[in-house]
Amino acid sequence: MQPILALEGVSKSFAGVKALKDVSFDVRPGEVHALMGENGAGKSTLIKVMAGVHAPDTGEIRVNGAVVRFASPREARAAGIATVYQELLLFPELSVAENIFLGHAPRTTMNALDWTKMRDEARRLLDELDSHDLDVDARVGSLSVANRQRVEIAKALSQDARVLIMDEPTAALSDTDARRLMDVVRRLRDRGVAIVYVSHRMPEIFALATRVTVLRDGAYVGTHDIGAITEGELVSMMVGRPVDQLFPKVDTEIGAPILELRNVSYRDEVEDISLTLRAGEIVGIAGLIGSGRTELALTIFGITPATSGEILLDGRPVTITDPKQARDLGIAYVPEDRGLQGLIKPQTIRENLSLALLDRISTATIVDRAKETSLAKELIKRFGIRARGPEQRVRQLSGGNQQKVVLAKWVATEPRVLIMDEPTRGIDVGAKAEIHALMSRLAGQGLAVLMISSELPEVLGMSDRVLVMNNGRIVAEFDRDAATPDSVGTAMMQTSANDAGAAKAEVA
Amino acid sequence: MTATLRSLLRHETILAILLVLVLFALASQSDRFFTTANLLNQGRLMAEVGLVALAMTFVIVTGGIDLSVGSILGLTAILLGVFWHNLGIPLPVAMVLAVFAAGIGGLVNGLIITRFGVPPLIATLATLALYRGLAEGISQARSVRGYPDWFFVLGQGEVWGVPTQLWILGALVVIAAVILGLTTFGRATYATGANEIGARFSGIGVDRTKLLIYTASGLVAGLAGVIFVSRVSTTRSDMGTGLELDVITAVVLGGTSIFGGRGTIIGTVLGLILMQALKNGLALSGVKGDGTIVVIGVVLILAIVASNLFSREGDG
């Protein structure tokens, strides 16, 4: 069958850096073509070329065999190419129906908006997506991420999209929502829509895709039928080398207690938490979204100071009322949302790396630029941050490299307690293994590590001890040997059948 | 290093070129423009706006705004007159007290913004009315005159041939440039403006930074108020009305992003000089007041558009 959208020999540079080198890609009606690669491999740029956001420097784009040049995303949409980005581009204050038909709403003969038709059409589109439960009059801002995503897909369909590009659609979804989304993708595929599907999740790729194309460092590596390739082969295509052991946990000697919490609470979000973190120990916290894991970290770090209970450092009681105090006491927090909480994205790598330790590289409050630059250079090297240099802006880096900047910035403060919240969310296999190895190394140097993660394999693979949180409390504790997917999984779900359901539905 | 320097100075470079062009154009229009006497006199006239603009640069870099500076200036002027004339406090003490009161005014702005989370635009719009109202209430529409001669040194005198207030402005320009450009406090200011949450999560005292900046904004407006009184020899309650607009224009013209996170003192100084040169030069060339405002508006838009065009960066 003839491809509906084909790219041939496409190259694109930004400020002299090649983001895409001679990449070819095509997608046929009724297939799901997966696009894979590490962060920074050029997937986002390729998507943006297809969506008309970037014009390629060389190479051509064909729609149904005819060469086209998109001057804007609007022209790509008119050609039937719709994109659902990771950051959803909806208007939170408008209703579901208004969002779907924004810009191409049905009109009455008087040229006024035809509200009845708009709502009926929106209903029909959502029903096609098997989303009968979604109210067309609901305000989009009140919906969960999963539902907003369905609105975005319905919007694409309302414009008769023949090609649908989906950029990591399941990254922010719970397992149940992800499965529902995959059903939607299958429906669309069966209706003859061509789908370009970007994801890091292997099981999804193998369950959905017809073909898979891998990019590495902006270059085309290869395209395969999904039946003709194994997961291991895919990973080595992406990384360009055999992958190291996935969870390189090294056994280290566990030392004296560093951080102790005694009956710590914050309002009703964190309730009566007691725990001890020892030098050299990695303690994993498992739990569903909304179980109080992040809230506990925020309380220890002083963003939401404890309302009752006691925190001890080296056996001495301390009060932590803001992050500055926590930092000065040697507590570091690598936050969940790196874009918002972890980085100052418009600033340079140098400025980001020094932000948490400015006092140490300044004399009489004047920042020593030479010291700062050499610190940045050293950290870039030590953490393997792929960048043009310390003066590159952080927002130009890929997700994995941004995460390394956050980690480097905090490790550079030489903390004694390192709290990591979802340390590998949304980053690729290669960078993930590097961050795990680093975590292991830091624990080996005597740091106490508290790791929060939604990925059970990560928690089980990296932790010396696993704590399970539910409804703001610690409900179970397992030693490394006793922590199995079954035991931890059961503890995560138990007693929460009633309230966790509600938490999961809207907290996401 | 050179790359940042280039990107930092890009707007400032455009502005400097623009300034040179404007100076040449104005000098060719009127032979009275490019004289030492006129230039020094213009320096005298722009000192008050300039002082306030220095602090305003910090305020806008944090992503905030301070609309109350004109009212604080007026309130300081009134308090100076009342302290000295009505309460009989010695003039030097009255000057210090008046500036101190201005600092309190700024601190109140900062507290409303940081403690109660009121957006700076709303908070200072409210205190703009509040402080002006206080000034009018206290003054009862009476002006204070008859200050001693030594007091006029500040606003009308010269030191080594240069107006006194230009020395003060110069000193504060250097101090402000060092603080914003080189110190940890400057870094905290930029980080706060670029991403307040990220700054807080990095252990930056965001609230403390803002409190200090709004307090400094009040103090500087107070200082400008004292200089104003000294320059015009009288105290009236409507002094400094509309000052905030001139100040904000100079800062924004100087390349400080109204969204926060970006801006320099050098830029503000260039913006200030450009604005004053246009006002004076156009007046000398026979352009009426309304025309001058139109020209300043057009220059402001052109400068911002030009720097946006040149500073576009790929997002990779």
Inset, instruction - Evaluate the stretch A:157-168: report whether one residue or more is modelled with pLDDT under 90, assigned to a helix (DSSP H, G or I) and touching a Pro at 6+ places or on another chain (Cβ under 7 Å). - result: no
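Here is a yes/no grid of residues against (1) under 18 Å from the mean Cα position of the chain (by Cα); (2) under 21 Å from residue B:241 (Cβ atoms); (3) loosely packed, with under 14 Cβ neighbours inside 10 Å:
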{"position": "B:68", "(1), (2), (3)": "yes, yes, no"}
{"position": "B:86", "(1), (2), (3)": "no, no, yes"}
{"position": "B:92", "(1), (2), (3)": "no, no, yes"}
{"position": "B:102", "(1), (2), (3)": "yes, yes, no"}
{"position": "B:107", "(1), (2), (3)": "yes, no, no"}
{"position": "B:111", "(1), (2), (3)": "no, no, no"}
{"position": "B:151", "(1), (2), (3)": "no, no, no"}
Legend entry - Which listed residue is in contact (Cβ under 8 Å) with a residue 12 or more places away in the chain and either surrounded by fewer than 22 Cβ atoms within 10 Å (Cβ to Cβ) or outside the structural domain of residue A:449 (by TED's automatic domain parsing) (or both), from A:361, A:300: A:361
Inset, instruction - Output the residues belonging to the stretch A:158-172 that are among the hydrophobic types (A, V, I, L, M, F, W, C) and crowded, with 19+ Cβ neighbours inside 10 Å. - result: A:161, A:163, A:164, A:165, A:166, A:172
Inset, instruction - Kindly state which helices (runs of 4 or more DSSP H) lie completely within the stretch B:158-269 and contain at least 3 residues that are within 14 Å of chain A (Cβ to nearest Cβ). - result: B:164-182, B:184-194, B:196-201, B:206-232
Inset, instruction - Could you tell me which residue of the stretch B:207-234 is farthest from residue B:132 (Cα to Cα), considering only residues that are touching a residue at least 24 places away in the same chain (Cβ under 8 Å) and over 20 Å from the mean Cα position of the chain (by Cα)? - result: B:207
Legend entry - Test: residue in the stretch A:235-256 that is β-branched (Val, Ile, Thr) and more than 30 Å from residue A:386 (Cα to Cα): yes
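Quick grid of which residues meet (1) at pLDDT below 95; (2) not hydroxyl-bearing (Ser, Thr, Tyr):
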residue	(1), (2)
B:46	yes, yes
B:51	no, yes
B:61	no, yes
B:65	no, yes
B:68	no, no
B:72	no, yes
B:75	no, yes
B:83	yes, yes
B:87	yes, yes
Inset, instruction - Looking only at the stretch B:1-20, decide whether some residue is closer than 10 Å to residue B:281 by Cα and modelled with pLDDT under 85. - result: no
Inset, instruction - Note down all Cβ pairs under 6 Å where the first residue falls in the stretch A:78-107 and is in the same structural domain as residue A:138 (by TED's automatic domain parsing), the second is modelled with pLDDT under 90 and of a type in the set (S, T, N, Q), and they're at least six residues apart or on different chains. - result: A:100/A:158
Legend entry - Cross-chain or 6+ apart pairs with Cβ under 6 Å, the stretch A:219-234 first and surrounded by fewer than 16 Cβ atoms within 10 Å (Cβ to Cβ), then assigned to a helix (DSSP H, G or I) and hydrophobic (A, V, I, L, M, F, W, C): A:231/A:202
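When you scan the stretch A:257-280, do you find a residue that is within 14 Å of chain B (Cβ to nearest Cβ), assigned to a loop (DSSP other than H, G, I, E, B) and buried (at least 17 other Cβ atoms within 10 Å of the Cβ), even just one?
Checked the stretch A:257-280: no residue is within 14 Å of chain B (Cβ to nearest Cβ), assigned to a loop (DSSP other than H, G, I, E, B) and buried (at least 17 other Cβ atoms within 10 Å of the Cβ).
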Legend entry - Inter-residue pairs, beta-carbon under 8 Å, first at positive phi and in the stretch B:155-175, second part of a helix (DSSP H, G or I) and modelled with pLDDT of 90 or more, 6+ apart: B:161/B:40
Legend entry - Of residues in the stretch A:343-368 being assigned to a helix (DSSP H, G or I) and in contact with a strand residue (DSSP E or B) (Cβ under 7 Å, 6 or more places away or on another chain), the one farthest from the other protein chains (Cβ to nearest Cβ): A:361
Inset, instruction - Mind counting the residues in the stretch A:369-382 that are basic (Lys, Arg), more than 9 Å from chain B (Cβ to nearest Cβ) and farther than 16 Å from residue A:418 by Cβ? - result: 3
Legend entry - Of the criteria (1) touching an Asp or Glu at 6+ places or on another chain (Cβ under 6 Å); (2) assigned to a loop (DSSP other than H, G, I, E, B), which one residue A:317 fails: (2)
Inset, instruction - Residue by residue through the stretch A:302-342, note down the ones that are under 18 Å from residue B:207 (Cβ atoms), within 14 Å of another protein chain (Cβ to nearest Cβ) and of a type outside the set (A, V, I, L, M). - result: A:302, A:304, A:305, A:321, A:322, A:323, A:324, A:325, A:327, A:328, A:341
Legend entry - Residue list for the stretch A:388-441, filter: part of a loop (DSSP other than H, G, I, E, B), at negative phi, surrounded by 20 or more Cβ atoms within 10 Å (Cβ to Cβ) and away from chain B (no Cβ under 13 Å): A:423, A:424, A:427, A:428
Inset, instruction - Filter the stretch A:461-508 down to residues that are at positive phi and either at pLDDT 70 or above or within 26 Å of the chain's Cα centre (by Cα) (or both), then give me how many there are. - result: 2
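The values are calculated or read from the model by the stated rules, or taken from the named source; none is laboratory data. What you are looking at is a predicted structure, and each value in this text was computed from that prediction instead of being measured. Cβ: placed from backbone, ideal geometry, glycine included. Neighbour counts: every protein chain shown.
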